[in-house]
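Peer 1: Before anything else, here's the structure in question.
Read-outs throughout are calculated quantities, based only on the coordinates presented, and are distinct from any laboratory measurement. In this text the structure is predicted, and so the values were computed from the model without any measurement. We place every Cβ from the backbone using ideal geometry, glycine too, and count neighbours over all the protein chains shown.
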Amino acid sequence: MPRKPIFFDILRISIHQVIMQRRRYLGVILAVALGTAGFIVIITMGTDVKKDLNRDLDLLGGATLIRAYLDAGHKYSKIQQFQPETVDALRALPGIEAVSEIVSRPAVSSSVQKGRVGFSFVGADGSFWDVNSFTPIKGSFFNAEDVSQKRRVCVLGSDLALRIFGDADPVGRTCWIENEQYRVKGVLGGVAVGDLIGFAFIPITTAQEYIPGLPPPQKIYIRCTSWDDVKKVADAIPDVVHRHQLTDSLRIEVRWEELKRVQSMAWWVELFVYFATVATLILGGFGIWNGMMATVKTRKAEIGLKKAIGAEDRDILAQFLVEAVCLSFTSALLGGVLGRGAMEIGSYLLKSRPHDTLFFVCVGMALLFSLALGAGAGLYPSLRASRMEVLNAIRDE
Amino acid sequence: MNSNSSYGYENISLIQVEGLTHTYDNGTGPVVVLQGVRLGIQMGEMVAIMGPSGSGKSTLLSILGLLMIPTAGSYTVLGRDVLKFDRSSQASFRRTYAGFVFQRCNLVDTCSVYENLEFPLIYAGVKRSERPAKIQDALARVNMTHRLHHRANQLSGGEQQRVAIARALVNSPLIVLADEPTGQLDRMHGELVMDHFEQILSDKDKAVLIVTHDPHVASRCTRVCLLEDGVLKPN
């Protein structure tokens, strides 16, 4: 006569056994839990870490910075400029973190006590600093409000500040540019700035108002979210520009070589981290396998006894398999909790927070993986337990 | 189906063994453990198998419980040739017709008395709602209801053996097979266990087969058989 299904009883027995033998399984549970937590952190925080790393690496090469400009070709061609709707459309492209428009003019001058100092100047918007990952070495940069209010403020390159003000602190002092007064808000410097230490920066709107003979905005800087976005964005720019304005002089500059190097380095780092995570999980799997083998060995009497009182091979197989799965599932749940904790800490440190949906998707994936891991690692020990001869099992005890 | 006195098999042979032979190879040649054993057990009987160590007592008991298959011979239970059973049917036989009491390793230490008695019911597919009554009933027969929720390793040896008897009875088997059930107990607890076996026989449709060294245990059985060098002789 066919027997009624007993799966839920088997499940209950298995969970009970895992609880009873929890000390034996502690190491395995921790290994799988740490692997799972690592997986969750990599997936949830990976984008933010990459973004952060990307920004740091950019100080060395600007691999995610794209320069687009309208090059008139030769001096008799009509000067072209980026239209505001073109810039807005570029800002809306996916994979773009910030866009900055600039105007520039070489050979302007500032009067100082000893005479006049010649330099180049850049009229920039409030995003310019973020796009270029610049930080002030003194004071602060002008912002979007300064730009919209056309304030007469400026930021000086450190070298230019030295030439104009000597050793005195320039912040808050007045500086003359093309016979107009500007208040110095901050000083730009550092290794990543390059020859911009000799430049003066003023809000683009102010420049257009007060600097005579200034060309229209012909150059924009585009900062991509990560290096993975650079190619997509670079490919999309011509389409966007041509959809919004007529021009035949668009030029795009990408530092492909630096980008390739950075991507290669990041790929290796990523590979290493994934490898470490997978290795931890596989080790956890071996731990489960080993733990279950030891369990089967030490619980021969129980196996024999259960068979003697009527358990079929498949009942024993199911019990030990479910025990292994319970073990890995519990580990993955614990890993989820640890992963959440690590994610919270990471979010605090990186000052960015991944979406909760991503976290729950990761936990779901980890739980599914743990089921497969438990079943895979527990299969052989469970088969051994189920095929054990009753008498051998009891006598062995 | 398994309610007391409902089998309707009284006075018919419950177990019939003919020409049972078992040999194994120990590497130097075949060793004969059982040789042409002939045994019949009726319902209501308590049969003791005695004999020196190594005479094949436990092997005979294991064969009767389908824990192992003999090399030759026939074995029928209620007229059915059980030696033709596959592994699944053997397990089904053990959970339906036979109840085992071993000398040692009778209970799962990490489980409670209730859980130990629940195992045979689970494997027999008994509904969860029906289990408590059956467990209480079986425990009441060995006066152990007060230990229902104690862990097996919290019980004394005698108590463990009584719980093992209760477990052997919980599915109302036709035959209880006991291998040295009093071997590790003192005289008083041994007597108590034998009292319980005698009580089992109050159900006329059951039988008990006990393998023992102890003449006192044998003296309380309805029949004693002597097994010497694999040959069974009526005492």
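Peer 1: Wrap a convex hull around the Cα atoms of the stretch A:64-254, take a quarter of its surface area, and give that in square nanometres.
Peer 2: Computing the convex hull of the Cα atoms and averaging its projections yields 11.0 nm².
Peer 1: Further question: Residue by residue through the stretch B:22-32, which ³J(HN,Hα) values in whole Hz follow from phi under the Karplus form 6.51 cos²θ - 1.76 cosθ + 1.60 (θ = phi - 60°), with glycine and proline marked x?
Peer 2: Taking θ as phi minus 60°, the curve returns 9, 10, 9, 9, 9, x, 9, x, x, 10, 8 Hz for the stretch B:22-32.
Peer 1: Let me ask you something else. Return the FRET efficiency for the residue pair B:Ser156, A:Leu349: r is the Cβ-Cβ distance, R0 is 51 Å, and the value is rounded to the nearest 0.05.
Peer 2: It comes out at approximately 0.30.
Peer 1: Over the whole of B:114-125, what's the average partner chain Cβ count within 10 Å per residue? Rounded to a whole number, please.
Peer 2: Going residue by residue through B:114-125 and averaging, the value is 5.
Peer 1: Counting Lys +1, Arg +1, Asp -1, Glu -1, what net charge surrounds A:Pro170 among other residues with beta carbon under 14 Å of its beta carbon?
Peer 2: That sum, taken over residues with Cβ under 14 Å, equals +2.
Peer 1: Place a point 7 Å from the Cα of B:Gln199 along the Cα-to-Cβ direction; which residues of the stretch B:94-108 have their backbone N under 17 Å from it?
Peer 2: Output list for this probe position: B:101.
Peer 1: Okay, moving on. Among B:Leu67, A:Val153, A:Ile237, whose Cα projects farthest towards the positive end of the dipole of the protein assembly as shown, with charges put on the beta-carbon of Lys, Arg (+1) and Asp, Glu (-1)?
Peer 2: The residue sitting most towards the positive pole is A:Val153.
Peer 1: About the Cα centre of the protein assembly as shown, how large is the charge dipole given +1 on each Lys and Arg Cβ and -1 on each Asp and Glu Cβ? Please answer in debye to the nearest 20.
Peer 2: 280 debye
Peer 1: Only residues of the stretch B:54-75 count here: report those whose backbone N is under 17 Å from the spot 7 Å along Cα→Cβ of B:Thr23, or say none.
Peer 2: B:56, B:69-74, by backbone N distance to the label point.
Peer 1: Shifting gears a bit: Top mean-square fluctuation among A:Ala377, A:Ala31, A:Ala92, Gaussian network model of chain A, C-alpha springs under 10 Å?
Peer 2: A:Ala92
Peer 1: Tell me the trypsin sites (Lys or Arg not before Pro) within the stretch A:186-234 that lie in a loop according to DSSP and have at most 13 other beta-carbon atoms within 10 Å.
Peer 2: Those that pass, being in a loop and sparsely packed, number zero.
Peer 1: Considering chain B as a Gaussian network with a 10 Å cut-off on Cα pairs, which listed residue, B:Gly125, B:Gly56, B:Gly27, attains the greatest mean-square fluctuation?
Peer 2: Residue with maximal mean-square fluctuation among B:Gly125, B:Gly56, B:Gly27: B:Gly27.
Peer 1: Helix A:22-61 versus the longest principal axis of chain A: what is the Cα-based angle in degrees, 0 to 90, to the nearest 10?
Peer 2: 10 degrees
Peer 1: To continue, here is another question. When the chain is fully extended, how far beyond the present Cα-Cα distance does A:Ala168 get from A:Thr47, taking 0.36 nm per residue of separation?
Peer 2: 39.3 nm
Peer 1: Which of these, B:Lys127, B:Lys57, B:Lys206, has the largest mean-square fluctuation under a Gaussian network model of chain B (Cα springs below 10 Å)?
Peer 2: Judging by the Gaussian network model, the answer is B:Lys127.
Peer 1: Given Cα positions, please report Rg to Rh for chain A, the hydrodynamic radius being the Kirkwood one.
Peer 2: Taking Rg over the Kirkwood Rh, I get 1.26.
Peer 1: Rounded to the nearest 0.05, what FRET efficiency do A:Leu26 and B:Phe85 give with R0 = 41 Å and r taken as the Cβ-Cβ distance? Could you check?
Peer 2: For R0 = 41 Å, the calculated efficiency reads 0.45.
Peer 1: While we're here: Given the options A:Pro170, A:Gln319, B:Tyr24, identify the residue whose Cα lies farthest towards the positive end of the charge dipole of the protein assembly as shown (+1 on Cβ of Lys, Arg; -1 on Cβ of Asp, Glu).
Peer 2: Of the options given, the answer is A:Pro170.
Peer 1: Given only helices, namely DSSP H runs of n ≥ 4 each adding -39500 (n - 2.57), what is the per-residue ellipticity at 222 nm of chain A, to the nearest 500 deg cm²/dmol?
Peer 2: Result for chain A: -20000 deg cm²/dmol, rounded to the nearest 500.
Peer 1: Continuing with this model, one more query. Are any of the pairs A:Lys297/B:Lys134; A:Lys300/B:Lys84; A:Lys300/B:Lys127; B:Lys134/B:Lys206; A:Lys185/A:Lys351 more than 23 Å apart by Cα-Cα distance, and if so, which?
Peer 2: A:Lys297/B:Lys134; A:Lys300/B:Lys84; A:Lys300/B:Lys127; A:Lys185/A:Lys351
Peer 1: Could you please report the charge total around B:Val208, scoring K, R as +1 and D, E as -1 over all other residues with beta-carbon less than 11 angstrom from its beta-carbon?
Peer 2: 0
Peer 1: By how many nm would the segment from A:Ile15 to A:Lys232 grow when fully extended, if each residue of separation counts as 0.36 nm and the alpha-carbon distance is taken off?
Peer 2: Going from the current span to full extension adds 73.1 nm.
Peer 1: So, one more: At q = 0.14, 0.15, 0.16 Å⁻¹, what is the base-10 log of I(q)/I(0) for chain B according to the Debye formula with one equal point scatterer per Cα and no solvent? Please give it to two decimals.
Peer 2: Normalising to I(0) and taking log10 leaves -0.89, -1.02, -1.16.
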